[in-house]
Each structure stands twice: as structure tokens, then as C-alpha cells.
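So the structure is just underneath, and the comments pick up after that.
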Amino acid sequence: MKKKSCPFEKEVLDGLSSGELTPEANEHAESCAVCKESIAIYRWMNRFQTVSLETNTARKILPDAESIWEGAFSSPAPVVNPTKELEKKALIPLLFPQVLAYAAAIVVVIYLVISNIPGIQGFVKSNPETLAIITYISTMVKTVFKSSSALAIPAAVSLLAMVIFVIVAAFEDRKLRIGKQYIF
């Protein structure tokens, strides 16, 4: 959009500011749209100045930028970079659901293994090498846990839990390095 201008606009505005508008400039201002708009803006700004002086808004002193800057940092604000202790304290309520989720995952894995025993047995019977390896491991486990067979299931569950925790910790450590966040 091109700006519209008039060669007499400056003369009309100078006449308005001095209070002596020549008859030719007055006659031109009545017929020219650009000059009419300039006169309307000039009069509006003069009214705005008059109202401002009457209400003393022009005499009010604004604060300098330094005091505004200092005021923004002196007011109590939330901590931008909390320490790790505060993060740990804030994440404590999430610890119970996290442990519960790990326990549920362990129960699901155990259920899947137990429910798929016929499939596992079919795989073992189809491969003679696998059958020999499993037989050897099972006899070794039976001899080790012969006297303490009641500890076999808790030991297996705890071993499985440790494996799951190691895997989860390995992935969380990678997320820490990549995302630079602190996670339990």
C-alpha cells in the first residue's frame, strides 16, 4: 500500500501549529482528503495533550529501567533451578507407583512363563541339545537347592527383579545424559 501525500500538507500543518492558516491553505484543506486527515489527527493530538495536562498524567515520573529490573528479581519467585535434594523430595510420592509397576511387570512375566509351559516343553523336546542343557542346569539347581528348596522361588523372583532394575536403570541413565534431566 502506497502512502498518500500532498504537497501542501506541510504548509497546512505549519499554519495550524502557528495559528495562522492562509486562506489558500484553508480552501485546499477542505477539498483534499490527505490534508483533512492530517488536520483531524492534529486536532486529536492537541485534545489528547490538553486532557493529559489537565489530569496531570504528563507530569508523572515513570520508574527507570534499572529499578524495574531490580524489582523483578527482588520479589519472591519460584526456584528456577532446584537442587537435586528438592527434586528427590518432590518425586518421593512417585516412588510407590514405580515400585508397584515393577512388581506388576514381574508378576506378568512369571504368569506368561507359567502359562506357556507346554510351548516351552515342546521347544525343549524338539531340540536334543536344548534338552541336554536344560536337564544339566535343572539337576545342578536341584542339588544346590535340595536343602533349601523353599528359597528357590523368592531367589528367582529377586534375580528377575534385579535384572529388570538393571535394564531400567541403564535406559534411565541414557535418558539422563541425553535429556539432562534428573530421574529416579
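Just checking, how many residues over the stretch 1-47 are of a type in the set (Phe, Trp, Tyr) and at pLDDT 85 or above?
Number of matching residues: 2.
Only one of the numbered conditions (1) within 30 Å of Ala156 (Cα to Cα); (2) among the β-branched types (Val, Ile, Thr); (3) modelled with pLDDT of 75 or more is violated by Val124, and that is (3). From the list Thr83, Thr57, the one residue that fits, being over 26 Å from Val168 (Cβ atoms), modelled with pLDDT under 85 and β-branched (Val, Ile, Thr), is Thr57.
Remark: pairs (first residue in the stretch 75-99, assigned to a loop (DSSP other than H, G, I, E, B); second residue modelled with pLDDT of 75 or more; Cβ separation under 9 Å; 6+ apart in sequence or on different chains) = Val79/Leu86; Pro82/Ala90. Of the residues making up the stretch 14-38, those that are open to solvent by less than 60 Å² (accessible area, probe 1.4 Å) and part of a helix (DSSP H, G or I) number 8.
The values are calculated or read from the model by the stated rules, or taken from the named source; none is laboratory data. Quick caveat: nothing in here was measured; it's all calculated off a predicted structure. Heads up, the Cβs are rebuilt from the backbone with ideal geometry, glycines too, and the neighbour counts pull from every protein chain shown. Please note that ligands, DNA and RNA were not included when accessible areas were found on the heavy atoms of the full protein model with its side chains. Shrake-Rupley method; radii C 1.70, N 1.55, O 1.52, S 1.80 Å.
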